[in-house]
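**Student:** One structure, as structure tokens, below. Some questions next.
Readers should treat all values here as calculations from the given coordinates under stated rules, not as data from a laboratory. This structure is a prediction, so every number in the text was calculated from the model and none was measured. No Cβ is skipped: glycine too gets one built from the backbone with ideal geometry, and neighbour counts run over all protein chains shown.
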Amino acid sequence: MAKPPVQDDQFRRQFEALLALPDADPQAALLKDLLGSALRLNESRLDMLDFKILHRSLREMRYAFRAFQPYRDRRKVAIFGSARMPADNPVYDLARRFARLVAERGYMVITGAGEGIMRAANEGAGRANSFGVNILLPFEQEPNAAIADDPKLIHFKYFFTRKLFFARESHASVAFPGGFGTHDEVFEILTLLQTGKNNPHPVVLVDLPGGGYWKRWERFVREDMLALNLISPEDLGLFRIVDSAEAAVAEIDGFYRNYHSSRFVKARLVLRLRHPLTPVQVDDLNLRFAHLCPDGKIEQRPALPEEADEPELLALPRLVVPYHRRSAGGLRQLIDVVNALAV
């Protein structure tokens, strides 16, 4: 009898090792379920193109998660802007200056790895502080020289997997003037924040002093969206427009002055803080933001038992908010107030 191919034998050993893992291991349970989904694909007999999309997407995500994992302890800023912005345009220098300043504050940057604003940001932050998430296009999108051949340069075939990592890995989003792609990213991020599909984080739109690019965009949002009740007045608080690199950095730093991070534990939103609040301050928050939690009140308390899977954060004080999940703008206002309180 012919021996099975080496690859088949290796797969069999990996399969048996996975099945031997205890069900109490949450990652093992998910891996088994993932493998089961893959096996059921054989029963579905999808079109070949469907198989290729599934296969390529999973490969891209696996590689990207591995690339980002060693840097999860550092906050990152996603930077968007035109790939066609020439280096002699003052906006190019503005983006480069912002990236340099934000890297000096300890942040890393994530760009689309192309030319224009993306290259300016990678130059400003430097290779050690830069990620590039490049999209494979038939034109215009070779990696820029500031990030080319870096291990933190990741290539994506599909926009949806690329967008996942902009949203998943960033702690702030900053946009400079750009075209369709820039607006696509800005509205994507705002939509994720508005619908609660991404954790709260600052969105900063940057232009030159006296520039009207984002002011005209804001006028459209106010006069053609808000005026027709297509968005809520509170949604205007999900972004800030500034006219200097320093102001953009200050906006991001201010957002994380006391607010650290958040997660949902069942129906409760847990806001992790750097510094505890006083009982009087918590009482004031309950008066000012009662509309966000009609079924309870904001409480300051230690970590919840369900947060034991993040041991590095257990020592942080918490605000536990029975948040109704319907006012992202109001939640941003709550975080702004918490950051403004004396600590």
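**Student:** Any residue in the range 152-172 that is surrounded by fewer than 18 Cβ atoms within 10 Å (Cβ to Cβ) sitting within a Cβ distance under 7 Å of a residue that is among the basic types (Lys, Arg)? List the pairs, counting only those 6 or more apart or interchain.
**Tutor:** Cβ pairs passing all conditions: LYS157/ARG56.
**Student:** Which one is surrounded by the most Cβ atoms within 10 Å (Cβ to Cβ) among residues in the range 81-100 that are hydrophobic (A, V, I, L, M, F, W, C) and within 23 Å of ARG168 (Cα to Cα)?
**Tutor:** So the residue we want is ALA95.
**Student:** Within the range 119-134, track down each residue that is outside any helix (DSSP H, G or I) and among the polar types (S, T, N, Q).
**Tutor:** SER130, ASN134
**Student:** Among the candidates ASP207, ASP184, which residue alone is in contact with a Phe, Trp or Tyr (Cβ under 8 Å, 6 or more places away or on another chain), more than 30 Å from ARG272 (Cβ to Cβ) and among the charged types (D, E, K, R)?
**Tutor:** ASP207
**Student:** Confirm whether ILE298 is within 30 Å of LEU208 (Cα to Cα), hydrophobic (A, V, I, L, M, F, W, C) and touching a residue at least 12 places away in the same chain (Cβ under 8 Å).
**Tutor:** Spelling it out, it is not the case that ILE298 is within 30 Å of LEU208 (Cα to Cα), hydrophobic (A, V, I, L, M, F, W, C) and touching a residue at least 12 places away in the same chain (Cβ under 8 Å).
**Student:** Could you run through the range 316-341 and say how many residues are surrounded by 13 or more Cβ atoms within 10 Å (Cβ to Cβ), part of a helix (DSSP H, G or I) and of a type in the set (Gly, Ala, Ser)?
**Tutor:** Qualifying residue count for the region: 3.
**Student:** Give me a count of the residues in the range 190-209 that are surrounded by 20 or more Cβ atoms within 10 Å (Cβ to Cβ), touching a His at 6+ places or on another chain (Cβ under 9 Å) and in contact (Cβ under 8 Å) with a residue 60 or more places away in the chain.
**Tutor:** Number satisfying all stated conditions: 1.
**Student:** Got a sec? Which of GLY210, GLY196 is in a loop (DSSP other than H, G, I, E, B) and closer than 23 Å to ASN89 by Cα?
**Tutor:** From the options GLY210, GLY196, the qualifying one is GLY210.
**Student:** Find all pairs meeting these conditions: Cβ atoms under 6 angstrom apart; at least six residues apart or on different chains; first residue within the range 220-237 and under 17 Å from LEU193 (Cα atoms); second residue loosely packed, with under 15 Cβ neighbours inside 10 Å.
**Tutor:** These pairs meet every condition: ILE231/MET225.
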